[in-house]
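Student: Take this structure first; my questions come after.
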Amino acid sequence: MTDQNRSSGDMPDKEGDARGQQGRYLTTAQGARLRDTDHSLKAGRRGPILLQDHHLREKITHFDHERIPERVVHARGAAAHGVFESYGTASSVTGAAFLQHGAVTPTFTRFSTVLGSRGSADTVRDTRGFATKFYTGEGTFDLVGNNIPVFFIQDGIKFPDVIHAAKPHPDREIPQAQSAHDTFWDFVSLHTEAQHHTLWNMSDRGIPRSFRMMEGFGIHTFRMENAEGEMTMVKFHWKPVLGVHSLTWEEAQMVSGADPDFHRRDLADAIEAGTYPQWELGIQVLGDNEDQTFAGIDLLDPTKIVPEELAPVQPIGKLTLTRNPDNYFAETEQVAFHPGNLPPGIDVTDDPLLQVRLFSYQDTQLTRLGGPNWNQLPINRSHAPVNDMLRDGYGQQDDHVGQAPYQPNSLDGGCPFTAGDGEHAFNDLAVKVPESVKNRELSASFEDHYSQPRMFWKSMTQPEKRHIIAAYSFELGKCREQAIRERQLACLAQIDPVLCQKVAEALGLEAPEPAEPLDDRLEPSPALSQLGRSWPVDGRKVAVIVDPDEDDQDLPRLLKAITEASMTPVLVAPRGGAIAGRTIDETFATARSVEFDAIVVSGNPTPADDATPSLDQKAGAPAAPGIDPRLTLMIQECWRHAKVIGAWGRGREVIAETGVQASPGVVEDDRPATVLAKVTELLGQHRVWKRFTPVRG
Ligand code: HDD
């Protein structure tokens with residue numbers, strides 16, 4: 001609410017029915033105006049509080065019940081409103097109205113980590129949720145996916161097992177939001193269908209740079225039906241316009257301390273700055289056959305991908321996130337997704353993971369949102385007209401009219417009516433069910449647990465492989481049970497001998513031989529690597545180190561150029577204040593290197609009084625004479641994290657003293673504009689990959 005409408009007594013600028021605050025006076029929940037909310041009603045100034053104080057009781061009772069249970073998984077998240085514009089390219093495979101040419105659909109997207117509690121850090125190593133609600137005119141469509149295209153388990157009945165194993169240990173409730181502990185590795189090494197997803201988690205995909213720079217996947221195969229009634233199997237993909245980028249592990253750990261809200265802040269800042277995050281939605285069109293396979297890959301197995309080289313991702317529309325939520329609780333916390341929310345033209349398959357999900361999401365909201373009417377919360381309300389025969393229950397918001405909430409009826413004139421052909425009804429697709437007997441088994445094709453992890457490993461570039469080795473070494477190094485480490489090494493031996501050997505070396509263990517011949521049936525898929533292309537730099541943060549004691553003539557022009565390149569300059573100096581008419585954003589006491597994507601040094605500021613030598617400095621190179629040790633640290637960290645570093649003028653003295661000059665990705669010139677142009681170009685590749693040494697072995 002702006003100050004203006006607060007003082008004028010206008011309604012806050014909210015959409016729909018969400019009238020949380022009306023008028024300008026503080027009132028009780030019943031609308032009675034209040035004179036005082038700071039003092040309880042007492043028998044005299046120093047006397048006891050009276051039970052009669054109904055305002056006190058209402059205020060405290062409501063407060064006592066402010067929290068609702070956090071999500072059992074994906075508790076930590078951030079969300080944004082947006083809009084989905086259809087290209088119309090899917091109209092040959094689906095009759096869904098929101099995928100026809102020119103259709104524009106409002107959306108709400110929530111990103112999340114999986115394992116951590118609501119207050120945990122954003123940058124932990126984990127899978128990220130990517131759930132989008134499309135408020136289509138034919139009913140809501142929820143695409144409830146992740147940033148990793150495969151899942152730990154093939155049958156939803158195992159979901160409680162994998163989550164119990166991954167969540168903190170039940171005795172001490174540690175570690176928080178981590179997979180680096182015994183129970184997780186115990187489970188995934190025993191239950192080897194989890195190895196593919198785990199390998200993705202150990203790759204850079206497990207530590208995204210930003211929600212804006214993640215892919216999203218529907219994971220399961222879905223079915224589509226076109227206007228002629230023809231069916232096709234498809235997989236959904238979200239492709240970020242900014243490319244897929246990650247943190248380094250050291251950065252991720254440091255950010256968890258320096259800014260635990262890093263991803264949440266990044267998303268909200270980008271939207272507020274007008275650099276709207278965008279993704280293209282694409283589908284892999286996989287035909288239809290009785291086996292439900294594509295190129296020998298079982299489409300009902302959620303631990304498998306179909307490589308993009310075999311079935312290209314065809315763009316069908318674009319999502320743009322345009323508005324931050326007004327209220328975190330009302331929107332981000334109360335939004336409830338459900339994979340069974342499907343519009344006509346899209347249906348599920350018999351993937352046994354998806355089938356269980358169809359039950360679980362509906363069910364979990366009964367506890368989390370307190371009853372069966374969660375679909376009536378403003379954020380969950382359908383934008384299509386709703387005329388159901390669901391009635392009453394806790395939290396009922398609707399004042400239903402009529403006498404006959406049953407079908408068939410004559411008392412309400414037969415209303416509501418069921419839809420006929422051509423009336424946009426949801427059609428349960430007439431898919432043939434294979435003849436079989438009841439059993440608790442999966443088909444034999446689900447037993448292949450290693451062909452795809454091996455393909456993933458072979459598709460990685462050298463720096464990516466190095467990161468994967470380091471991740472396994474860290475995670476297994478945190479396990480206390482030797483038997484678990486050894487069992488996981490046996491799994492790695494089945495993926496790749498070099499990977500296994502390197503991790504074994506780090507753990508001080510013997511690398512086992514693979515129990516089975518390595519499964520090389522799949523060629524590497526270059527599309528799986530994050531490297532090798534150039535991407536827009538929108539919303540990237542560039543630290544500009546300035547000397548507040550120097551009159552920097554070039555600074556205003558430089559800042560303008562950074563902003564015009566859609567990046568965000570952050571002025572950093574030894575102390576607060578202003579320079580060239582601009583407020584200094586951060587000081588050496590508040591800023592850490594990990595908050596920035598690149599650093600440019602325009603001056604050589606005199607160390608501040610609080611620049612005492614620190615332990616950090618001892619761990620790095622010796623302090624450079626006359627340079628604030630925190631600046632030295634910042635530059636050395638940027639170098640270690642393969643970030644672009646630029647300098648001109650007296651900033652070059654800093655570069656020389658910190659010992660990083662003349663190495664790849666360190667740009668020096670007398671002209672700031674030249675430095676900035678080169679820094680921007682290099683930032684398009686995200687990191688200076690040459691700084692990582694290749695894996696030998
Ligand atoms: Fe799930 C939440 C994604 C398997 C049970 N899941 C949840 C969210 C995402 C996913 C993104 C957060 C939604 C939000 O932001 O509110 N889940 C997945 C994906 C899966 C998957 C991509 C596999 C392909 N999930 C899965 C299984 C089960 C669940 C097999 C149960 C058998 N998931 C839940 C849940 C949650 C949930 C317990 C917690 C909060 C909620 O649903 O609303 O029902």
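The values are calculated or read from the model by the stated rules, or taken from the named source; none is laboratory data. Keep in mind that what you see is a predicted model, and the values were worked out from it rather than measured. Because the Cβ atoms are built from the backbone with ideal geometry, glycine has one as well, and the counts that use them run over all protein chains shown. Calculation scope for accessible area: heavy atoms of the full protein, side chains included, ligands and nucleic acids excluded. Shrake-Rupley method; radii C 1.70, N 1.55, O 1.52, S 1.80 Å.
Student: Write down the radius of gyration of the chain and its Dmax, each obtained from C-alpha positions, in Å.
Tutor: When restricted to the Cα atoms of the chain, Rg and Dmax are 28.2, 91 Å.
Student: What's the whole-number percent of alpha carbon pairs in segment 443-496 lying beyond 17 angstrom?
Tutor: Result: 47 percent of Cα pairs exceed 17 Å.
Student: Hey, another quick one. How high is the relative contact order of the chain? Use alpha-carbon pairs under 8 Å, at least six apart in sequence, and give a whole percent.
Tutor: Over the chain, the number comes to 11 percent.
Student: Take segment 18-154, compute every pairwise Cα distance, and split them into 5 Å bins from 0; I just need the percent in each bin.
Tutor: Bins of 5 Å from zero give 2, 8, 11, 12, 11, 10, 11, 11, 8, 7, 5, 3, 2, 1, 1, 0 percent of pairs.
Student: Calculate, axis by axis, the spread of Cα positions in segment 313-421 along the three principal axes, and write the results as whole Å, longest axis first.
Tutor: 50, 36, 30
Student: Can you give the helix-only mean residue ellipticity at 222 nm for the chain, where every DSSP H stretch with n ≥ 4 adds -39500 (n - 2.57) and the sum goes over all residues, rounded to the nearest 500 deg cm²/dmol?
Tutor: That calculation yields -7500 deg cm²/dmol at 222 nm.
Student: Still on this structure: Out of the trypsin sites (Lys or Arg not before Pro) in segment 385-459, which ones are loop residues according to DSSP with at most 15 other C-beta atoms within 10 Å?
Tutor: Passing sites in segment 385-459 are R391, K432, K438, R440.
Student: Please label the shape of segment 235-283 as rounded, prolate or oblate, based on the square roots a ≥ b ≥ c of the eigenvalues of the alpha-carbon gyration tensor (a/c under 1.5 means rounded; beyond that, a/b larger than b/c means prolate, else oblate).
Tutor: oblate
Student: Separate question: Among DSSP bridges having both ends in the chain, what percentage is antiparallel? Round to the nearest 5.
Tutor: 75
Student: For R35 and D398, FRET efficiency with R0 = 41 Å and r from the beta-carbon atoms, rounded to 0.05?
Tutor: The pair D398/R35 has a calculated efficiency of 0.70.
Student: Modelled label-to-label distance, D171 and R533, 7 Å Cα→beta-carbon offset: nm?
Tutor: 4.8
Student: Given the convex hull of the Cα atoms of segment 77-380, what is a quarter of its surface area in nm²?
Tutor: Over all viewing directions, segment 77-380 projects a mean Cα-hull area of 15.7 nm².
Student: Mean 1/r over all different Cα pairs, inverted: what Kirkwood radius does segment 449-528 give, in Å?
Tutor: About 12.8 Å, per the Kirkwood formula over Cα pairs.
Student: Taking N as the number of residues in segment 20-66, what is its alpha-carbon radius of gyration divided by 2.2 N^0.38 Å?
Tutor: Output field value: 1.27.
Student: Please pull out the direction-averaged projected area of segment 25-98, using the convex hull of its alpha-carbon atoms, in nm² to one decimal place.
Tutor: 11.0
Student: DSSP loop (so not H, G, I, E, B), at most 16 other Cβ within 10 Å: list which GluC sites (Glu not before Pro) in segment 131-210 pass both filters.
Tutor: Taking segment 131-210 and a limit of 16 other Cβ atoms within 10 Å, the loop GluC sites (Glu not before Pro) found are E173.
Student: Per residue, how large is the accessible surface of segment 375-429? Use a 1.4 angstrom probe and give square angstrom.
Tutor: Heavy-atom accessible area per residue stands at 77 Å².
Student: Let me ask something else about it. What shape does segment 559-601 take by its C-alpha gyration tensor, where a ≥ b ≥ c are the square roots of the eigenvalues and a/c under 1.5 counts as rounded, a/b above b/c as prolate, and the rest as oblate?
Tutor: Oblate shape, in that a/c is at least 1.5 and b/c is the bigger or equal ratio.
Student: Here is a further query. Based on the Kirkwood radius over alpha-carbon pairs, what is the Stokes-Einstein translational diffusion coefficient of segment 541-691 at 10 °C with 1.306 mPa s viscosity, in µm²/s?
Tutor: 105
Student: From the C-alpha coordinates alone, can you work out the Kirkwood hydrodynamic radius of segment 377-472, in Å?
Tutor: That comes to 20.7 Å for segment 377-472.
Student: Same structure, new question: Report the rotationally averaged projected area of segment 79-137 based on its alpha-carbon convex hull, in square nanometres.
Tutor: 5.3
Student: Which pairs, out of K235/K438; K432/K465; K158/K690, put more than 32 Å between their alpha-carbon atoms?
Tutor: Distance filter (> 32 Å) returns K432/K465; K158/K690.
Student: Can you sort F456, F692 by solvent-accessible area, 1.4 Å probe, largest first?
Tutor: Greatest to least solvent exposure: F692, F456.
Student: For segment 255-363, which GluC sites (Glu not before Pro) are both in a DSSP coil and crowded by at most 11 other Cβ atoms within 10 Å?
Tutor: Sites meeting the loop and neighbour criteria: E290.
Student: Arranged from highest to lowest average of other beta-carbon atoms within 10 Å per residue, in what order do the peptides 48-60, 364-376 appear?
Tutor: For the peptides 48-60, 364-376, the packing ranking is 364-376, 48-60.
Student: Let me ask something else. Assuming a viscosity of 1.567 mPa s and a temperature of 4 °C, what translational diffusion coefficient in µm² per second does Stokes-Einstein assign to segment 111-162, Rh being the Kirkwood radius over Cα pairs?
Tutor: Rounded, D is 99 µm²/s.
Student: Normalized C-alpha radius of gyration of segment 366-411, against 2.2 N^0.38 Å?
Tutor: 1.29
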